[in-house]
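Below: the structure, in structure tokens.
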Amino acid sequence: MTCHKRYKIKKKVREHHRKLRKEAKKRGHKKPRKDPGIPNSAPFKETLLREAELRKQQLEELKQQQKLDRQKEQDKKRKLETDPADEPSNVESVEEFGQSKPKKAKLSKQNPKTVHCLELKKVIEASDILLEVLDARDPLGCRCPQVEEVIVQSGHKKLVLVLNKSDLIPKENLENWLNYLTKELPTVVFKAFTNPKDKRKITKVKKKAVSFKHKVCFGKEGLLKLLGGFQETLGKPIQVGVIGFPNVGKSSIINSLKQERICNVGISMGLTRSMQVVPLDKQITIIDSPCFIVSPLNSSTALALRSPASIEVVKPLEAASAILSQADARQVVLKYNVPNYKNSLEFFTNLAQRRGLHQKGGSPNVERAAKLLWSEWTGASLCYYCQPPTLWTPPPHFNENIVADMKRGFNLEELEKNNAHNIQAIRGPSSGNSILFWSSGLTNGIIEEKDIPELPKVMQQGKQEEREDSEDKERLSDMSPIEETSEALPEESIAGEPSTRSSIILDEKTKEDDAYDFSTDYA
Ligand SMILES: Nc1nc2c(ncn2[C@@H]2O[C@H](COP(=O)(O)OP(=O)(O)OP(=O)(O)O)[C@@H](O)[C@H]2O)c(=O)[nH]1
């Protein structure tokens, strides 16, 4: 927005408020007095604030309940009005990437978990090699035994582990994990290209200037050589599927390999919703996939860290408390610069005060503090690490024959050399600067649509509306990807669009500014 337009709006708003005040004065209304809150000198201020916070939460829960009840009633009414035959009952078969708009619209009407499962199965089916991407901060927690079992049972597919985000863990820890994982499967140490301006809002003009050519990424050559070598032994073009839990960096790896912003990347979990085919060269094609669906039977920490927020309902306070319970309290206190805590509520109260997260009246906003911690632990900058188990025990779906079979056809010596070189080159944090975390182990996933638990009807409807909204956004983004995504996802920029196009859009916007009509737009 231009300054001219902004100042014009501000002026009009001031005038409008002045007018309202004048009218209220004429009618004899006085401004209600502001609540000064609890004075600092009051005894038990903390307890009182916490009680107030609890009361507010209860009130919100009540409101939520009422909203759900209202939705239930509306749902009933709608059901009576519409023809039940119109409802999507059976799962439609998903078309290939590049599917037509009406088919996309049909997909969006399905349970998103079903769509994820279908797309994932398609990716597994279409691939010769599957790259299971693991967040180096919790590699075991990013492995899904159910998906691995399907790949092993297929008999002829290869599984390779990619230890991504290796810049976020200490070097010794990275070495230990590499030693542990290579006992089982070929493992590649990787650090994908990430946008340094991840957390800031980037202007559209700056965004297009970001080039991949000079950005730091480790493990690309090693991975390409590994895939190239395998392709040569096979003697035919290969398809490589990239799979994993949300936010582990699947799309970032593809972008790094391609040196282009070809896939959507972002801090929000579950961004990729359908498979995307990216040809690397004539011989190798990479396929991006939506994330695994987490089984509700997992521990609450696994659910908090691995559930895509776009399709799962997770309460921030519960999720953050679960994460906190498995982190080293001493290091957490040092990292967040808060006093020692006895329970998670006390920690979040302290954190909210420390970060200036207050509600009206001055009470600490515990909910926002919990959200902040949760987003940091699922995001892309917090350094934490887990220790690998002391003894290597193969998962039940692996035996020695399978391990040997999975390694056949790869040049493992070259891979080892590349990994050693990358470990030396990657600058990770020291163990004092990162937080020790106790992993919950392998995370169970759902691969068959029939295993997906049914959502309560009311929630289905809520999610349906959300999806329709995002479908509309998608349609808009088809017209101008950079424009749209910059507003939806300020944290991370998205796939490449010819730079001229965004500048045209900017020009058009600037022209529009002068044509702004306050009386229609503000009213
Ligand atoms: N520090 C660091 N951050 C990374 C790395 N790789 C990816 N990220 C960040 O992790 C976040 C998630 O990356 P994505 O590539 O969108 O992850 P994804 O697995 O495709 O996510 P979904 O589409 O949600 O399944 C982004 O903010 C990336 O910038 C890495 O090697 N190091």
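Details
- Positive-end extreme of charge dipole, the range 335-457 - chosen from Met406, Leu382, Ala370 (charges on Cβ): Ala370
- Anisotropy class assigned to the range 300-378 is oblate, per the alpha carbon gyration tensor with a/c at or over the 1.5 cut-off and a/b no larger than b/c.
- ³J(HN,Hα), Karplus 6.51/-1.76/1.60, whole Hz, each residue of the range 190-195, x for Gly, Pro: 9, 9, 6, 5, 10, 6
- Take the Cα of Lys79, step 7 Å toward its Cβ, do the same at Arg330, and the gap between the two points is 5.7 nm.
- Residues whose amide H comes within less than 5 Å of that of Leu280, counting only those at least five positions distant or on another chain, are Thr285, Ile286 (H built at 1.01 Å from N in the peptide plane).
- Reciprocal mean inverse distance between Cα atoms of the range 215-281 - Kirkwood radius, Å: 13.2 Å
- If only the Cβ of Lys and Arg carry +1 and only the Cβ of Asp and Glu carry -1, the dipole of the range 300-378 around its Cα centre is close to 220 debye.
- Taking a sphere under 11 Å around the Cβ of Lys56 and counting the other residues whose Cβ falls inside, with K and R at +1 and D and E at -1, yields a net charge of -1.
- Furthest towards positive pole of dipole, Val314, Gln331, Thr301, structure part the range 300-378, Cβ charges: Gln331
- Length available on full extension from Lys67 to Leu382: 0.36 nm per residue minus the Cα-Cα distance, which gives 109.8 nm.
- The stretch between Lys19 and Lys183, if pulled fully straight at 0.36 nm per residue, gains 51.5 nm over its current Cα-Cα span.
Throughout, read-outs are computed from the coordinates displayed, never taken from laboratory work. Predicted model, so just to flag it, every value in this text is computed and none were measured. Every residue, glycine among them, receives a Cβ derived from its backbone with ideal geometry; neighbour counts consider all protein chains shown.
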